[in-house]
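A.B. asks: I'd like to ask some things about the structure below.
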Amino acid sequence: MAISVYVPFAVSALLGLFAPRLARPLPPRPAAWALACGALVTACASTVALALLAFSGIGQIPLVAEEGSWSVPALRAEDPVRTTVAVLCALALAAAAVSLARSSWRRGRSLLDTHRECRRLPGDGELAVLDDDRPQAFALPGAPGRIVVSRGMLRSLAPAERSALLAHERAHLRGRHHLFLTAWHLASSVNPMLRPLATAGAFALERWADEEAAAAVGDRAVTARAVARAALAT
């Protein structure tokens, strides 16, 4: 087996170590896109590499070789992968498949729940105000999505800060940030080395929403105060 089949694992390790640091100085929107695309491509590449390495061992089983009509000695000569390595890769591939299935089920169920919750919220506009003294504010993706804010949160902010907070949550909906989170979640379930990209990506999404909120209200200081006060309140 050519050395290139091991490249995705090395790239995964390098991305996990350095991608969060490299993405930090970038503008948040390109950083989020770069982290999402890098995670998805690397997760797919590492899965294919595991499959190729596992096949090199399974393909040397005589019964399998007979079904596939290839020569075991020829396969050993062309792809000299140790049986131990092939077995470990097969186990890792099976674990990745199970993890991906579980993560996909949980994430899909979570998104369906948020869509149902959007329909159950009071009112029919973008904003839903909860009669709750506890400070809460979040965006619920749906068709369409809703911004949920409690009365306790509204009371803790000045009028300009409320506008900044709503613009921040609106940016999450407009940018479909839940899809980015889903991509990182699924990529990390297949390749655990990519988990740092998910953490860095979530931070980039918050920066992205902050920048759009600052542009919407025209005051970065107000946006910073609104986000800080909302975080402290919750």
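Yes/no matrix, rows are residues, columns are (1) modelled with pLDDT under 90; (2) surrounded by 14 or more Cβ atoms within 10 Å (Cβ to Cβ); (3) hydroxyl-bearing (S, T, Y):
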residue: V48; (1), (2), (3): no, no, no
residue: I61; (1), (2), (3): yes, no, no
residue: V64; (1), (2), (3): yes, yes, no
residue: A92; (1), (2), (3): no, yes, no
residue: V98; (1), (2), (3): no, no, no
residue: R102; (1), (2), (3): no, no, no
residue: W105; (1), (2), (3): no, no, no
residue: R109; (1), (2), (3): no, no, no
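So that you can scan it fast, the table gives a plain yes or no per residue for (1) under 18 Å from F203 (Cα atoms); (2) free of Cβ contacts under 8 Å to residues at least 12 places away in the same chain:
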position	(1), (2)
R119	no, no
P122	no, yes
G142	no, no
G145	no, no
W184	yes, no
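A.B. asks: Out of the residues in region 17-44 that are farther than 22 Å from R176 by Cβ and not in a helix (DSSP H, G or I), which is nearest to the chain's Cα centre (by Cα)?
C.D. replies: Within region 17-44, the match that is nearest to the chain's Cα centre (by Cα) is R24.
A.B. asks: Can we say A215 is of a type in the set (G, A, S), modelled with pLDDT of 90 or more and under 23 Å from the mean Cα position of the chain (by Cα)?
C.D. replies: No.
A.B. asks: Condition test on L166, is it touching a strand residue (DSSP E or B) at 6+ places or on another chain (Cβ under 9 Å) and either assigned to a helix (DSSP H, G or I) or of a type in the set (A, V, I, L, M, F, W, C) (or both)? Walk me through it before giving the result.
C.D. replies: Numbers: touching a strand residue (DSSP E or B) at 6+ places or on another chain (Cβ under 9 Å): yes; either assigned to a helix (DSSP H, G or I) or of a type in the set (A, V, I, L, M, F, W, C) (or both): yes.
Yes, satisfied.
A.B. asks: A follow-up question, please. Only residues that are assigned to a helix (DSSP H, G or I) and surrounded by fewer than 14 Cβ atoms within 10 Å (Cβ to Cβ): list them for region 78-90, please.
C.D. replies: Answer for region 78-90, where residues must be assigned to a helix (DSSP H, G or I) and surrounded by fewer than 14 Cβ atoms within 10 Å (Cβ to Cβ): E78, T83, T84.
A.B. asks: Go through region 18-32 and count every residue that is within 15 Å of M193 (Cβ to Cβ) and surrounded by fewer than 12 Cβ atoms within 10 Å (Cβ to Cβ).
C.D. replies: 1
A.B. asks: Okay, moving on. How do the pairs read when you match residues in region 34-53 that are within 17 Å of L91 (Cβ to Cβ) with residues anywhere that are among the β-branched types (V, I, T) and open to solvent by 70 Å² or more (accessible area, probe 1.4 Å), using Cβ under 8 Å and keeping only pairs 6 or more apart or on different chains?
C.D. replies: Taking only residues 6 or more apart or on different chains, the pairs are A49/V7.
A.B. asks: Check off (1) modelled with pLDDT of 90 or more; (2) under 22 Å from A23 (Cα atoms) for A224 and give me the number that stays unchecked.
C.D. replies: (1)
A.B. asks: For region 169-184, enumerate the residues that are outside any helix (DSSP H, G or I) and open to solvent by 30 Å² or more (accessible area, probe 1.4 Å).
C.D. replies: Filtering region 169-184 down to residues outside any helix (DSSP H, G or I) leaves 175-176.
If the condition is that a residue be outside any helix (DSSP H, G or I) and open to solvent by 30 Å² or more (accessible area, probe 1.4 Å), then R176 is the only one that fits.
A.B. asks: How many residues does region 189-208 hold that are assigned to a helix (DSSP H, G or I), in contact with a Pro (Cβ under 9 Å, 6 or more places away or on another chain) and not aromatic (F, W, Y)? Step through it out loud before you land on a result.
C.D. replies: Applying the first criterion (assigned to a helix (DSSP H, G or I)) to region 189-208 yields 189-190, 192-208.
Among the residues that remain, those that are also in contact with a Pro (Cβ under 9 Å, 6 or more places away or on another chain) are: 196-197, 199-201, 203-208.
Applying the additional criterion that residues be not aromatic (F, W, Y) yields 196-197, 199-201, 204-207.
Number satisfying all stated conditions: 9.
A.B. asks: Another question, if that's okay. Pairs, please: C-beta under 6 Å, at least 6 apart or cross-chain, first residue closer than 13 Å to L52 by Cα and open to solvent by less than 40 Å² (accessible area, probe 1.4 Å) and in region 1-15, second of a type in the set (S, T, N, Q) and at pLDDT 90 or above?
C.D. replies: P8/S46
A.B. asks: Output the number of residues of region 118-164 satisfying the condition of being open to solvent by less than 40 Å² (accessible area, probe 1.4 Å), within 20 Å of V222 (Cβ to Cβ) and under 30 Å from the mean Cα position of the chain (by Cα).
C.D. replies: The number of residues fulfilling the criteria is 8.
The values are calculated or read from the model by the stated rules, or taken from the named source; none is laboratory data. Predicted, not measured: the structure shown is a model, and the values here were computed from it. Here Cβ is always computed from backbone atoms with ideal geometry, including for glycine, and neighbour counts include all displayed protein chains. All accessible areas refer to the heavy atoms of the entire protein, side chains included, with ligands and DNA or RNA removed. Shrake-Rupley method; radii C 1.70, N 1.55, O 1.52, S 1.80 Å.
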